[in-house]
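Participant: Just dropping this structure here.
Only the coordinates and a few stated rules stand behind these numbers; no lab work does. This one's a predicted model, so the numbers in the text were calculated from it and none came from an experiment. Heads up, the Cβs are rebuilt from the backbone with ideal geometry, glycines too, and the neighbour counts pull from every protein chain shown.
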Amino acid sequence: MKILSIETSHDDTSVALYKDKEILKEITLSQTEFHKQYGGTVPEYASRHHAISLGIILDSLLKEFDISDIDHVAYTEKPGLIGSLQMGRLFAFAVALALDKPIYPINHMFAHIYSVAFTNDIIYPSLALVVSGGHTQIWYVKDKYNIEIVNETQDDAVGEVYDKVARKLGLGFPGGPVIDKLAHESATSIDFKILDREDSPFSFSGLKTKVIDYIHNKKQKGESLDIPGICKGFQEAIINNTINKMKHYINKYNPSSIILGGGVSANSYLRSEFKKLHEFALIPDMKYTGDNASMIAIRSDIINGEGT
Ligand code: KG4
Ligand code: ZN
């Protein structure tokens with residue numbers, strides 16, 4: 001099954017040419033550098049960038065490949081920034097119409113879950129943790145068609161809190177990778193442990209306030225900041241809380257495998273703690289952790305094509 005897939009839900013414009021679990025080509029133009037100056041994504045600019053980038057990517061793809069033999073076109077339908085999604089959708093429809101091929105809408109969250117399918121066979125039922133800049137969710141994956149939400153954040157997403165804490169510490173955007181690195185190297189850890197029930201909905205605004213208040217207090221008193229120690233304590237608090245909730249739902253649902261996905265699944269501490277949770281803990285290849293069109297293609301192959 002040969003698929004042309006498009007992902008434009010947020011600030012990456014990504015197009016992939018996929019054939020039977022192999023990526024023939026993926027081209028991603030990231031806007032992260034541009035949005036850095038605003039400390040986060042500006043939706044209107046994101047849509048405008050997608051409009052330009054999609055044309056550039058298509059030109060480049062057509063220089064290398066004949067795409068007239070694809071079986072179908074797949075694109076991210078939701079969730080995401082409405083203007084950004086619309087750009088991808090219009091582009092996908094134009095290509096499908098020009099080539100007279102079927103077109104399939106794909107759920108971005110389910111595509112994150114199926115990123116692990118490039119390197120693993122999913123054993124059902126499964127329980128999936130999807131953690132990104134916009135989402136923190138646990139899904140019960142009964143089979144490839146029946147996927148139900150089990151828990152999701154009531155306020156900030158895990159990646160969002162990483163980004164906000166990093167901004168407060170002057171570490172730049174996105175905050176996840178740099179906090180991950182500093183935490184890994186730190187010998188000290190400041191205690192920010194989240195005290196809640198394992199079955200309560202995810203909520204990270206309390207943790208965010210605690211860390212930001214701590215930084216304020218230290219600064220007001222003119223005391224020096226142990227930045228790596230703050231990073232390590234914060235990372236342990238947010239990841240341990242997430243892992244504890246996964247443990248609770250693993251006991252409740254007794255899944256045959258567990259799956260990790262989303263931008264924060266690149267986190268080294270989360271990856272190592274997640275592996276300890278289950279004999280069949282499926283973790284995506286690093287290149288499929290963030291937003292990418294390849295995951296849209298594999299999810300589409302699995303539900304609309306011949307993939308399993
Ligand atoms: O899925 P993603 O690429 O984009 C959307 O959220 O749509 O996720 C981006 C998020 C950012 O918040 C970023 O800080 C976080 O993933 N992230 C990480 C790491 N790498 C990226 N968070 C923690 N540790 C990392 N190593
Ligand atoms: Zn995403």
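Participant: With an 8 Å cut-off on Cα pairs and a minimum separation of 6 or more residues, tell me the relative contact order of the chain in percent.
Facilitator: Working: 609 pairs, mean separation 69.5, N = 308.
The normalised contact order for the chain reaches 23 percent.
Participant: Dipole of region 196-275, Cα-centred, from +1 at each Lys and Arg C-beta and -1 at each Asp and Glu C-beta, to the nearest 20 debye? It would help to have the intermediate numbers written out before the result.
Facilitator: Values: 12 positive and 8 negative charges, 12 e Å.
For region 196-275, the charge dipole is close to 60 debye.
Participant: When the C-alpha atoms of the chain are aligned to their principal axes, what extent does each axis show, in angstrom, from largest down?
Facilitator: Extents along the principal axes, in whole Å: 66, 45, 30.
Participant: In a solvent-free Debye calculation with one equal scatterer on each Cα, what is log10 I(q)/I(0) for region 38-89 at q = 0.17 Å⁻¹, listed in the order of the q values?
Facilitator: Scattering profile of region 38-89, log10 relative to I(0): -0.65.
Participant: Let me ask another. Hey, got the Cα dimensions of region 4-68 along the principal axes, in Å, largest first?
Facilitator: Answer, in whole Å and largest first: 39, 22, 15 Å.
Participant: Right, here's the next one. Give me the percent relative contact order of region 247-308, please, defined on Cα pairs under 8 angstrom at least 6 residues apart.
Facilitator: Details: 48 pairs, mean separation 19.5, N = 62.
Across region 247-308, relative contact order equals 31 percent.
Participant: Here is a follow-up. Could you quote the convex hull projected area for region 204-252, Cα atoms only and averaged over all directions, in nm²? Numbers along the way, then the final one.
Facilitator: Values: hull surface 14.3 nm².
With every direction weighted equally, the projected area is 3.6 nm².
Participant: Fewest to most neighbouring Cβ within 10 Å: what's the order for Arg167, Arg197? Show your work: numbers first, answer last.
Facilitator: Details: Arg167 16, Arg197 9.
Listing Arg167, Arg197 from fewest to most nearby Cβ atoms yields Arg197, Arg167.
Participant: Enumerate the whole-percent occupancy of each 5 Å bin, from 0 to the last occupied one, for all C-alpha pair distances of region 168-218.
Facilitator: It works out to 4, 15, 20, 28, 20, 10, 3, in whole percents.
Participant: Follow-up question, since we're still on this one. Before rounding to the nearest 500, sum -39500 (n - 2.57) across all DSSP H runs of length at least 4 in the chain and divide by the residue total; then give [θ] at 222 nm in deg cm²/dmol.
Facilitator: On the way: 10 runs with 135 residues, N = 308.
Roughly -14000 deg cm²/dmol at 222 nm, from the helical runs in the chain.
Participant: Let me ask something additional. Within the set of other residues whose C-beta is less than 13 Å from the C-beta of His216, count the net charge using Lys and Arg as +1 and Asp and Glu as -1. The partial results should precede the final answer.
Facilitator: Values: positive: Lys168, Lys208, Lys210, Lys218, Lys219, Lys221; negative: Asp213, Glu223.
Net charge in that neighbourhood comes out at +4.
Participant: So, one more: Between beta-carbons, use under 11 Å as the cut-off and find the net charge around Asn292, counting Lys and Arg +1, Asp and Glu -1.
Facilitator: Around Asn292, the surrounding residues sum to -4.
Participant: Binning at 5 Å from 0, report for region 19-154 what percent of all alpha-carbon pair distances ends up in each bin.
Facilitator: Reading upward from the zero bin: 2, 8, 14, 19, 19, 17, 13, 7, 1, 0.
Participant: Find which of His184, Tyr114, Ile259 sits farthest along the positive direction of the dipole of the chain, computed with +1 on the beta-carbon of Lys and Arg, -1 on that of Asp and Glu, about the Cα centre.
Facilitator: About the Cα centre, the residue reaching furthest to the positive side is His184.
Participant: Just to compare against my own numbers: the Cα pair-distance distribution for region 203-308, 5 Å bins, whole % per bin, please.
Facilitator: 2, 10, 15, 16, 16, 15, 10, 7, 5, 3, 1, 1, 0
Participant: Same structure, new question: Rounded to the nearest 20 Debye, what is the dipole magnitude of region 50-150 about its Cα centre when Lys and Arg each give +1 and Asp and Glu each give -1 at the C-beta? Before the final figure, lay out each step's value.
Facilitator: Numbers: 6 positive and 10 negative charges, 72 e Å.
It works out to roughly 340 debye.
Participant: Among 20-32, 248-260, what's the highest-first ranking by average C-beta atoms within 10 angstrom per residue?
Facilitator: Numbers: 20-32: 15.8, 248-260: 18.2.
Ranked from most to least packed, the peptides come out as 248-260, 20-32.
Participant: Before anything else, pin down the relative contact order of region 203-308: Cα pairs under 8 Å, at least 6 apart, normalised by residue count, whole percent.
Facilitator: Values: 61 pairs, mean separation 20.0, N = 106.
Computed value for region 203-308: 19 percent relative contact order.
Participant: For the chain, give the share of DSSP beta bridges that are antiparallel, in percent and rounded to the nearest 5; count only bridges with both residues there.
Facilitator: Numbers: 25 of 41 bridges.
Antiparallel bridges: around 60 percent, rounded to the nearest 5.
Participant: Sorted from largest down, what three extents in whole angstroms do the Cα atoms of region 81-127 have along their principal axes?
Facilitator: Each principal axis gives a Cα extent; for region 81-127 these are 37, 26, 16 Å.
Participant: Could you tell me the convex hull volume per residue, in Å³, taken over the Cα atoms of region 158-252? Mind showing how you got there, number by number?
Facilitator: Working: hull volume 8.9 nm³, N = 95.
About 94 Å³ per residue, rounded to a whole number.
Participant: So if I average 1/r over every pair of distinct C-alpha atoms in region 116-216 and take the inverse, what Kirkwood radius in Å does that give? List each step's numbers first, then the result.
Facilitator: Numbers: mean 1/r = 0.0643 Å⁻¹.
About 15.5 Å for region 116-216.
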